[in-house]
Structure formats: structure tokens, C-alpha cells
Ligand code: F6P
């Protein structure tokens, strides 16, 4: 059996663990072949594929990024894109496809599946916002990076008696903000799910000040919005949209820091963690999860169980319907957020 694998959307620590596991399982376990597709859906549209063997995946487990490259290409937005994918699958004798991605990449996979393409999905995103899986790989690395940054910001905030605003990733959901905020002992955590009241934030900081703490850490997800503005308004770097209709976010930390300083009089600085959260070596958890997902995806393909996504449920890897996973985003668990709030102010 000949399987192709592609990685789409933003890169994410653990992608190489998935690729390695798929190749090892298919070649050694099932006597199959694996083709690597370059740069997500773009490579399948352009016919940019090459054979992956045991040598090609040797030594990649601890590496960040993806050896295949990635892109935010949407074949449904390209002239003849879907037909080219089908033609190239025939041309390269690809029996089935493993698509590793988030809501956008797997959304394309689900649509292709409806059109008869044999595909299995693997959930990837540092944002942890895909439904039907407790965790996506990449998230654990992102929260560990963000937690370390928050730890480091504590000492400089304390030395200068400042408020530090830390902007973390999280386009639609605040999973990174909540978990890194809890792990790092943040004094306020702001997420896209709940519009920000600057008054409330300032009240919490003043309360903390009044109880003798003269520095604070505020964690804000890049996709959070202000309550007093049009609540659909996210802070963006520019208005251009990608092939999936997403704008480039960024800048909320700076705006919030200015507002806090103006209203409270506390000296405030901001830090944007940005792509540092996505780069570099994956944690052990993400390597193991990526490996488990890769093996499970190869096994599903061999069983002919298409239209599925591998998923983590509790501590078991299972499979779910791909279309259920991409139907709606998994927003922050409000019980968890309420718990984080116990430590605010
Ligand atoms: O979807 C993952 C993510 O890291 C988001 O948190 C972030 O908004 C986006 O990707 C950034 O995308 P890009 O790397 O294309 O700027």
C-alpha cells in the first residue's frame, strides 16, 4: 500500500515525530510505502512528492518544524486545485492520504473525503482548539515555552515594580493563555472566549497592589477582544487574509499595557512571545503523542478506516469522524478558567 503524508497550516513541535512514526509503522509494520508531500496541500496540487524511507526519518524525532515543509494553501480556493490533487494521487499511485493539520488543513481533508478521497487526519495545533480530542500535539511544548517566559518575566517585573503584559498565541481560543497562566502564576489571564473589561483588569491589579504586591503578570491571548469596542474586533497586524480567511493577529499586548499604565499609573511593559512558542524541539509529551498518533493513523489507513481523525481521549488513542472534529472549535473549558480566576488579583 502506498500512502502519502502532508503537514499543513502553522508548523508545530511534534510534526516530525508523526512523520517518523507513520513511515516506521507503514514500512516496517505493514510492508507499505510512504510518500512525503511538500508544503501541505500545495505539494499535492503541484505534484511535489518524494519517497520517504527509514533513512529519511532517522534522527528527526527531537527536531522542531516539519521536514516536509508546510503552507496555508487551500486547494478549494485554487483554480482546478481539487482536480489536480485527484490527478496527482492517480499519477503517483497514492492509495490513501494522511493529513496532519489543524481546523483548516483537516477541514480540506474532510471535504476531500466527501468527494471520495481516502484520507485519515492527525490533529495538530499549538492552540489545542480542535474538537473531539483532549489534546493536540504541539500544545504541551507551547505552554512549557510560555511558562518559562512567564517565570523569567516575574523576576524583572518584581525588580522594577512593574506590570508585565505577556501576549501569547491563541487565535480563537485561550488554551495557551489559561494553562501557561496557571502554570506561571499569572495574576490575570485574558482569553478570546471572554471579552476584556479593562476596568476589571485594573481593579484586579489595584487589589493586588493594595495587598502589598507591587508587580503583576497579565497573560493575554492574541485573539482576545475588548468589551468596550466592537466585540468582533480583534487586534490585527494587517487586514490581509490568508486562503482560509484568517488575518494576522498581534498587538493586543501593547494596547492593553498602555491602557493599564494610563488607568492605574503603574509602570507597564509588554512582551510578545510569538513564534518562539512554535519553534524548536518538542517536549517529551508531544514526541510521545505525535508518535502514538502517527502509528494509529498508519493503522487506520491499513484497515481502510477512512474519513477518521486519530484522537486522544483520556489516555487512550482512539479515532473519531473527521467531520465531527472540524465542525466547531474546542473553546476553553470554563471550569478550568474559573479555577485560574481563583488566583487573579
Ligand atoms: O494556528 C496556530 C497559530 O500559531 C495561531 O496561534 C496564530 O494566530 C497563527 O498560527 C499564526 O500564524 P502564522 O505563523 O501564519 O503567522
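The values are calculated or read from the model by the stated rules, or taken from the named source; none is laboratory data. This one's a predicted model, so the numbers in the text were calculated from it and none came from an experiment. Using ideal geometry, Cβ is built from the backbone for each residue, glycine included, and neighbour counts are taken over all protein chains shown.
Observations, loosely collected:
The rows are residues; the columns are (1) more than 19 Å from residue 339 (Cα to Cα); (2) modelled with pLDDT of 95 or more.
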position	(1), (2)
183	no, yes
191	no, yes
198	yes, yes
219	no, yes
229	yes, no
233	yes, no
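- Options 258, 318, 292: the member that is in the same structural domain as residue 31 (by TED's automatic domain parsing), more than 16 Å from the ligand (Cβ to nearest atom) and surrounded by fewer than 16 Cβ atoms within 10 Å (Cβ to Cβ): 318
- Unmet criterion (only one of (1) at negative phi; (2) in contact (Cβ under 8 Å) with a residue 60 or more places away in the chain; (3) buried (at least 19 other Cβ atoms within 10 Å of the Cβ)) for residue 112: (2)
- Residue selected from the range 212-241 under the condition out of contact with any strand residue (DSSP E or B) (no Cβ under 8 Å at 6 or more places or on another chain) and over 25 Å from residue 183 (Cβ atoms), by the criterion farthest from the ligand (Cβ to nearest atom): 228
Here is a yes/no grid of residues against (1) at pLDDT below 95; (2) out of contact with any helix residue (DSSP H, G or I) (no Cβ under 8 Å at 6 or more places or on another chain); (3) away from the ligand (no atom under 16 Å from the Cβ):
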{"residue": "22", "(1), (2), (3)": "no, no, yes"}
{"residue": "35", "(1), (2), (3)": "no, yes, yes"}
{"residue": "46", "(1), (2), (3)": "no, no, yes"}
{"residue": "49", "(1), (2), (3)": "no, no, yes"}
{"residue": "65", "(1), (2), (3)": "no, no, no"}
{"residue": "76", "(1), (2), (3)": "no, no, yes"}
{"residue": "82", "(1), (2), (3)": "no, no, yes"}
{"residue": "85", "(1), (2), (3)": "no, no, yes"}
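- Residue 310 being assigned to a helix (DSSP H, G or I) and either more than 16 Å from the ligand (Cβ to nearest atom) or touching a residue at least 60 places away in the same chain (Cβ under 8 Å) (or both): no
- Residue within the range 94-104 that is touching a residue at least 12 places away in the same chain (Cβ under 8 Å) and part of a helix (DSSP H, G or I) present: yes
- Considering residues of the range 183-197 that are in a strand (DSSP E or B) and touching a helix residue (DSSP H, G or I) at 6+ places or on another chain (Cβ under 6 Å) only, the residue nearest to residue 215 (Cα to Cα): 188
- The residues of the range 152-172 that are more than 9 Å from the ligand (Cβ to nearest atom) and surrounded by 19 or more Cβ atoms within 10 Å (Cβ to Cβ), listed by number, are 153, 157, 162, 163, 164, 165, 166, 167.
- Count - residues of the range 5-21 that are surrounded by fewer than 24 Cβ atoms within 10 Å (Cβ to Cβ) and assigned to a strand (DSSP E or B): 0
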